[in-house]
Amino acid sequence: MPATVRQPRTQKRSDERRQRVRRRERIPVVRGIQTGVPAHEALQADVKRIATDEFPDTFRSEAMLAVFDNAAIDARHFARPLEWYAQPRTFAEKNAVYVEEALALSERLATQALDDAGITPQDVDAIVFVSSTGVSTPSLDAYLMQRMGISPGAARLPLWGLGCAGGAAGLARASDMVRAGYRNVLLIAVEFCSLTFVLGDDSKSNFIGTALFGDGGAALVLGPETDADAGLMRIEHTHSALLNDTAPLTGWDVVEDGFKLRLSKDIPAMVLRALRPAVDASLATGGWTLDGVDTIAVHPGGTKVIEAYQAVLGLDTAMLDTSRETLREHGNMSSPTVLFALERALRSSPRGRGLISATGPGFSVEHLLVKFP
């Protein structure tokens, strides 16, 4: 029998080192992040004044009147001035505004995020586009790629219908693309929730949506970790959970005037019941425990949702300050809102382990386990 050829020890170590480098190059990191809002700012008091005229019957109830005051929101930003929403608008008219404004905000934020990451549009080889507040075929990422000069060969992954969970889900899918070998992945989450307001709809959901939702977007650039670039944070693990028989809790009902908000009062109770098992399952994917997490960015769906997170996870109040501040300054912007909270957290130069969490229609829960350099 031929003698076994032994590999020299130095060569073996060199091969192992190259394998480790190749594996590490597939670890996704965030290299740039930008958030932004449209131009029209409205104070909560002004929105309440307009809503008083549009919901005269609802405002006879003191409990409903308190929704604006208890929302813990100071201001929001909208696609159009407040007075625009006080006139009847067709679905087609509102959707045309969505396409126009979503493209403009996406292009602005994407350009800034690419600058942060030190790359050009021609370097982008994949784009993940998240939005649920308007429709377009082709999807808006196709128009955006041509406007920005992104390579026509870039992979496209438009995601629709994820609602408030979309920012975290989009970040997870973008990280999956890095692990699959893409080197410069552009993630965009943009929503214009104000355009789903249905004039004349006196339902409780429409009223609460008027008190809670705003418009905004976020753009992030992801790529593989290298020795020269550890990024702003690395994404270690992602985890998704879809709860059975909960679809009626939140989402859109398509009516003649557009998307009609479906929003159940049972959402905070659902968060209380289902969140902790979902968080524990997510942490288990990385062998983590909650007491080892240093930074948490959650989607601030509303004050009751934030309170549910704090109660279920046993967190100090300060751990959710980034989410509370995001809600106070911008309201609930659906998918990009958790990315606003993440950007706020990154400003404080966090260290150690982090958890990103968002819930949305389905009823779905999305989690990411991240590490900060």
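Only one of the numbered conditions (1) farther than 21 Å from A247 by Cβ; (2) touching a residue at least 24 places away in the same chain (Cβ under 8 Å); (3) crowded, with 18+ Cβ neighbours inside 10 Å is not met by V305, and that is (1).
For the range 199-232: of the residues being acidic (D, E) and over 14 Å from the mean Cα position of the chain (by Cα), which is surrounded by the most Cβ atoms within 10 Å (Cβ to Cβ)?
Checking each candidate, the answer is E225.
Among the conditions (1) open to solvent by less than 20 Å² (accessible area, probe 1.4 Å); (2) out of contact with any strand residue (DSSP E or B) (no Cβ under 9 Å at 6 or more places or on another chain), I235 misses just one, which is (2). Evaluated against (1) farther than 30 Å from P248 by Cβ; (2) in a helix (DSSP H, G or I); (3) open to solvent by 10 Å² or more (accessible area, probe 1.4 Å); (4) touching a residue at least 12 places away in the same chain (Cβ under 8 Å), Y182 falls short on exactly one condition, (2). From the list A174, A241, A168, A219, the one residue that fits, being hydrophobic (A, V, I, L, M, F, W, C), closer than 22 Å to S139 by Cβ and assigned to a strand (DSSP E or B), is A219. Scanning the range 137-162 for residues being in contact (Cβ under 8 Å) with a residue 40 or more places away in the chain and either under 19 Å from E101 (Cβ atoms) or buried (at least 18 other Cβ atoms within 10 Å of the Cβ) (or both) gives a total of 7.
Within the range 323-345, the set of residues being small (G, A, S) and either open to solvent by 10 Å² or more (accessible area, probe 1.4 Å) or in contact with a Cys (Cβ under 9 Å, 6 or more places away or on another chain) (or both) comprises G331, S334, S335.
For (1) out of contact with any Gly (no Cβ under 6 Å at 6 or more places or on another chain); (2) in contact (Cβ under 8 Å) with a residue 60 or more places away in the chain, each residue gets a yes or a no:
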position	(1), (2)
A278	yes, yes
A281	yes, no
I296	yes, yes
Q310	yes, no
A318	yes, no
L342	yes, yes
S349	yes, no
I356	yes, yes
V370	no, yes
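In this structure, I119 qualifies as closer than 22 Å to L232 by Cα, touching a strand residue (DSSP E or B) at 6+ places or on another chain (Cβ under 9 Å) and assigned to a loop (DSSP other than H, G, I, E, B). Scanning the range 238-266 for residues that are free of Cβ contacts under 8 Å to residues at least 60 places away in the same chain, touching a Gly at 6+ places or on another chain (Cβ under 8 Å) and open to solvent by less than 60 Å² (accessible area, probe 1.4 Å) yields a single hit, L263.
The values are calculated or read from the model by the stated rules, or taken from the named source; none is laboratory data. None of the values given here were measured: they were computed from a predicted structure. As a convention, Cβ positions derive from the backbone with ideal geometry for all residues, glycine included, and neighbour counts pool all protein chains shown. Quick note on the areas: whole protein, heavy atoms, side chains included, nothing else; ligands and nucleic acids left out. Shrake-Rupley method; radii C 1.70, N 1.55, O 1.52, S 1.80 Å.
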